[in-house]
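Please treat every number below as a calculation from the coordinates, not as lab data. Just so we're clear, the structure is a prediction, and the values are computed from it rather than from any experiment. When we count neighbours, we look across all protein chains shown, and the Cβ atoms used for this are built from the backbone with ideal geometry, even at glycine.
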Amino acid sequence: MPERITAEDVSHVARLARLNIAPDELELFTSQLGDILEYAADMAALDLDGVEPMGHPHGLRNVMRADVLTPSLDRAEVMAAAPSTESGMFRVPPVLGEEL
Amino acid sequence: MSDLTTARQMAASVTARSVSATELIEVSLAAIAERDGEISAFNLVTADDARRQAAVIDARLAAGEEVGPLAGVPIALKDNLCTRGVPTTCSSKILDGWRPPYDATVVERLAAAGAISVGKTNLDEFAMGSSTENSAFGPTRNPHDTSRVPGGSSGGSAAAVAAGYVPLSLGSDTGGSIRQPAALCGVVGVKPTYGLVSRYGLVAFASSLDQIGPFANSVSDAALLLEVIAGHDARDSTSIPQPVADLSAHLDDGVAGLRVGIVNEFMVDGIADDVRRQTHAAAEALAAAGAIVGEASVPAAAYGLGAYYLIAPAEASSNLARYDGVRFGLRVDANNTPDMYDETRTAGFGDEVKRRIMLGTYALSAGYYDAYYGTAQKVRSLIRRDFDRAYEQYDVLLSPTSPTTAFALGDKTADPLTMYLNDICTIPTNLAGHPAMSVPFGVGDDGLPIGVQIMAPMLGEVTMFRAAAVLEGAAPAGSTTNRVTR
């Protein structure tokens, strides 16, 4: 198993997961995640040579449906749940640069 | 009317029009109004909707229509089940104000069967927890002792049945989230075979593990509710395309000749003495009823908790990526979209959810995928293999549901790993995909309920319920299910 998770690792995964972790939270999260990963590392005691990974109880297989039109969700009802919309689209702040 | 305690009695009386659906709903709402300020099982009580639906059912019955097997029965729904136009929060700030534009399949099936939802119940945020303390709405309390937790994550649904508000409720179980609160609250709780119940409209936590299931005050009512919600649904690609077995018809078949294995790996240090004692007593009760009882071994199950805390967070980190402030729920405004994502997610998720998202992201990240996620998936294969081997020798397996009776609020919140250990006996069956249920069987040294877990092979619900019915009938005086027959 890899070495114990560091504060830098936690900062990195927080970025990947789009979470801001305050400096005072970082130490606690690092120690808690380290304990959980250390507990899980007991799995190394098992002989896993030749064992296939299991992703799903029934195996993974695609399920197709017939290509026929069926009613879908009401557009207005779906859009009404959004924080901000414009002309039937989801409105977000600028992605690049500042507000126009 | 107060003698109507089971869902079956209620539905029969409503159908025979000896009591109205409206009267049943008023009794349920009055019970909630009287005690839920103290228990906090509900995030939302939908009293007006419930009264309207009850009036419709009464009118249909008056007009001579058939209503269904749950005619007029009040039911509570875990607040991670989508209800059209009714707030669905997952007990998270990030879904603040969201009203789903559709009903979950189970919600549609309940309505078609005549059941009436009285509200949405509290849970650990996004079903991540074992005590219902990780909720944006505050904790739910155990009706048997309000200084104790109800278990979790479906603690509100378990407490709603235990407090007598409703005879039935629905929860979801990813690693024990139905069975553990059922045990701690002294009610029956069932995690069906993976794929037996459609998850369309269940807010996803860990998709290869999540399953919806019933809570009830009796084994028979749990069977009835499972029959109503089970069955193929084209809207869930993991749904099993075959008819549902008739559970009710076999509840009285007994256990003569049934082979029952007590799982050694679940009777270890860390399981409280009183819980082990009751599990042995349950085995003796099954033997007295004609079962052949022995010891079973599922060696890889000892590694289930470790594998689960890599697999479930990995899947959660992916499933919870959808909460970004764009299409629904909370948005924290910022000058640009990337900052809006960060600030929305940081403000919207609680600490346990953040921990699991980070853990899952780490387990899936470059350089660690094979060591963590890949290893956990191989261990999952071994757990399934070891269960399947045990089921060559035994028809059902028996164990404690939870290592202890209900613990005090605040006892385990400081250390996540200590909290996770609550699910050591329940997690392995989620990894395998098998069905399992918890049945109350006596009380602990503190007088609080103890549940024993019955596990069965894939789609083995009929046999599992037969064993559960025998245990219920043999449960010691003081076991909470006894109140339905007295």
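Tabulated results
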| read-out | value |
| --- | --- |
| Unit charges at the beta carbon, dipole of the protein assembly as shown: most positive-side option, B:Ser318, B:Gln211, B:Ala296 | B:Gln211 |
| All lysines inside 26 Å of B:Lys78 as judged from Cα atoms, apart from same-chain residues fewer than 8 positions distant | B:Lys93, B:Lys120, B:Lys191, B:Lys354, B:Lys412 |
| Antiparallel content of DSSP bridges confined to the protein assembly as shown, in %, to 5 | 65 |
| Value in Å of the Kirkwood radius, where chain B supplies the Cα pairs that are averaged | 22.2 |
| Footprinting exposure proxy for B:Glu133, B:Glu108 (fewest neighbouring C-beta atoms within 10 Å first) | B:Glu108, B:Glu133 |
| Residue exposure sequence - B:Ser198, B:Ser172, B:Ser399 - by fewest surrounding Cβ within 10 Å | B:Ser198, B:Ser172, B:Ser399 |
| Computed FRET value (nearest 0.05) for A:Leu16 with B:Arg259, which takes r as the C-beta separation and R₀ as 41 Å | 0.25 |
| Sites B:Asp49 and A:Glu25 - FRET efficiency at Förster radius 51 Å, r taken between beta-carbons, to 0.05 | 0.80 |
| Angle between chain A longest axis and helix A:23-40 axis [Cα atoms, degrees, rounded to 10] | 60 |
| Radius ratio Rg over Rh of the stretch B:311-379, counting only Cα atoms, Kirkwood formula for Rh | 1.07 |
| Stokes-Einstein D (µm²/s) once Rh is taken as the Kirkwood radius of the protein assembly as shown over alpha-carbon pairs, at 10 °C in 1.306 mPa s | 66 |
| Dipole magnitude of the protein assembly as shown, debye to nearest 20 (Cβ charges: Lys/Arg +1, Asp/Glu -1, about Cα centre) | 1140 |
| Order of B:Val106, B:Val439 under a 10 Å beta carbon neighbour criterion, fewest first | B:Val106, B:Val439 |
| Helix-derived mean residue ellipticity, 222 nm - over chain B, DSSP H n ≥ 4, -39500 (n - 2.57), to 500 | -11500 deg cm²/dmol |
| Cβ-placed point charges (K, R +1; D, E -1), dipole of chain A about Cα centre in debye, nearest 20 | 660 |
| Cα centroid separation - the stretch B:110-178 against the stretch B:190-221, whole Å | 13 |
